[in-house]
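Heads up: the structure comes next, in structure tokens.
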């Protein structure tokens, strides 16, 4: 039985997108997110892609959290933030965010969590907004939020029947399942009270391959309590992100 | 002369200073933060005026039908008839919607055509199948009324009544129509009491992918406030959201209704096709119909749905009934102020 403890927790509520309303302080990186499928910019609904398991599929929705951003200084230190970012394909404001007050220095890597770590991924761990409520993971016995909702339809080929898939990731049965991601920047960023633009790309095809082929038909539509499916996605999720371009403004 | 007109107008002279009392909207902290539009802060005077307007047939052309004529308190502010009847006897094609926790809903109507309660309330007054009035006429009737000019002054402090003030007052009242005291709230949010075995099984069906209701009717409001095709039809006499967006991908998508007080709000769906919750549950269990825009979250469409056993259906129904909040439908603050 899930009992929410929201009373009093609002103090812990983490500033989400609201942070963007203020002007960034010097030493800023603006991140711009693009979603691709097999190298092409993803288009919701209208494009049919071929999955590595041999099923034509489309994408109808994509929503997820990124958190715990750290910038890696070439001197071996890191600049750690508590930024949590909600992104939804089709809603432009969610496809960019920034980190500011970055200490001067040279940075060559970016790391973050795909999803939420165990401290945030508790019931009531995020601010009580309509967006966060819609990401809740209310499965009895489990906690927190969906890390990702990646949904669409596929043609199962053998039957010609169009079926739905729901790649929902999150914590289940005590397994946290968030993905720790580190990406190299294509060239170093030198922060000195200036502003940089960083173009991040997530290739959705990578969720379905490398190291594991994820077959929609094998796992079916309901995977929230299926730890095997969660493990497969967790392993595939490590390489879904890359940084394509960094430019100083 | 203008000055003599003003002198002749006793109402302007008699008016007290404009000094409204801010309304403090109290609700349990497990409900989300309600955003109040900056240009319509809530006041005691505004809420109380909105309540009168909601119940007053003066807003309809022949002064016979109020908002409450179709949004009836005993049914959690909806109409028990499949289609409501307008003042001239005409009927529409959509079921009236229940009004509960509406202050958290950004898009209103089954097809989401209004954004915000103020904008929404402009429509029924002039809708030819509803109140069939005109705004100039309504404003005129209110301005010549014995009581309303003073009440509008107290709420808004402007010399003239306008339609904007009318809808602002109604919206203020609607934002107070909050439910957070159902058995569900007591048990899950306040740790007071327990579900029966059947309710608990229903809770699990609802909140896992067994029944998978929560992906659309999830969270404390029991709606995602989004639009979906939940598999009712293969062709759409009513195209829903597509009518607003013009996008064929939105064909047959309708707003997810919140499920609070759902036991009280029959009939169900945008066209009121189901008379009982049993029929609704049968729909999700074995009645799904495929169409191109069916939501990717709908499960086992080829089999007609999630295939619940009779016992599971009974449990899901028992759970849905825990969302009934009788204190809401008996709240004196929402009652018809003309019957006090």
Being under 20 Å from the mean Cα position of the chain (by Cα) and not assigned by TED's automatic domain parsing to the domain that holds residue B:33 is the requirement here; does residue B:221 meet it?
yes
For region A:207-249, which positions are loosely packed, with under 15 Cβ neighbours inside 10 Å and closer than 30 Å to residue A:106 by Cβ?
A:244, A:245, A:247, A:248, A:249
For residue B:129, only one of the following conditions fails: (1) within 14 Å of chain A (Cβ to nearest Cβ); (2) outside any helix (DSSP H, G or I). What is its number?
(1)
Taking region A:18-58 as the search range and keeping residues that are outside any loop (DSSP other than H, G, I, E, B) and within 14 Å of chain B (Cβ to nearest Cβ), which one is modelled with the lowest pLDDT?
A:18
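Does region A:102-128 hold any residues that are at positive phi and at pLDDT below 95, and which are they? Working first, answer last.
Just the residues of region A:102-128 that are at positive phi, to begin with: A:105, A:115, A:124.
Listed by number, the list holds a single entry, A:124.
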What's the number of the condition residue B:168 fails, among (1) within 30 Å of residue B:268 (Cα to Cα); (2) touching a strand residue (DSSP E or B) at 6+ places or on another chain (Cβ under 9 Å); (3) surrounded by 21 or more Cβ atoms within 10 Å (Cβ to Cβ)?
(2)
Wholly enclosed strands (runs of 3 or more DSSP E) of region A:129-206 bearing at least 3 residues more than 9 Å from chain B (Cβ to nearest Cβ) and modelled with pLDDT of 95 or more
A:179-191, A:195-203
Do we have residue A:107 as more than 16 Å from the chain's Cα centre (by Cα) and part of a strand (DSSP E or B) here?
yes
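Right, residue B:319: in a helix (DSSP H, G or I), surrounded by fewer than 22 Cβ atoms within 10 Å (Cβ to Cβ) and at pLDDT 95 or above or not? Break it down stepwise before answering.
Working: in a helix (DSSP H, G or I): yes; surrounded by fewer than 22 Cβ atoms within 10 Å (Cβ to Cβ): no; at pLDDT 95 or above: yes.
In short, no.
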Does residue B:306 count as within 30 Å of residue B:53 (Cα to Cα) and either in the same structural domain as residue B:93 (by TED's automatic domain parsing) or in contact with a helix residue (DSSP H, G or I) (Cβ under 7 Å, 6 or more places away or on another chain) (or both)?
no
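The values are calculated or read from the model by the stated rules, or taken from the named source; none is laboratory data. Just so it is clear, the structure is predicted and the values come from calculations on it, not from any experiment. All Cβ positions, even for glycine, are placed from backbone atoms using ideal geometry, and neighbour counts span all protein chains on display.
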